[in-house]
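The values are calculated or read from the model by the stated rules, or taken from the named source; none is laboratory data. The shown structure was predicted, so the numbers you read here are calculated from the model rather than taken from an experiment. Ideal geometry is used to build each Cβ from the backbone, glycine not excepted, and the neighbour counts take in all protein chains shown.
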């Protein structure tokens, strides 16, 4: 009978100690409500902003080549801009300044973008060596 009393006393002590522990934990717990989870804004709801030069990629398409000149060739080209940004473009007009390399001298050009539509020049002349590889990169965004 003695062993039963010891086990019963230990069980009662464990229950009382657990009750005190839970009560102390509840009374000393931080009572500030948890912050609501922040939701990511879908791309369709993001605000338009002026892009950076890195958000544009420009392809150069040679439309004509005349290599009868003694100092090299006369190329005519157009650019094909591609916007790679993750946010919408602003509704106001922005000017994208770029530089074309591969000719005798780098050539600076620009195009405008308004409401997601780019206006570019066609058949732009550039002098360069035979078999030139023309490349363009954006240097500045003016908005």
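When every residue of segment 34-48 is checked against the conditions, at least one turns out to be surrounded by 11 or more Cβ atoms within 10 Å (Cβ to Cβ) and either modelled with pLDDT under 95 or outside any loop (DSSP other than H, G, I, E, B) (or both). Within segment 57-71, at least one residue is assigned to a loop (DSSP other than H, G, I, E, B) and modelled with pLDDT of 90 or more.
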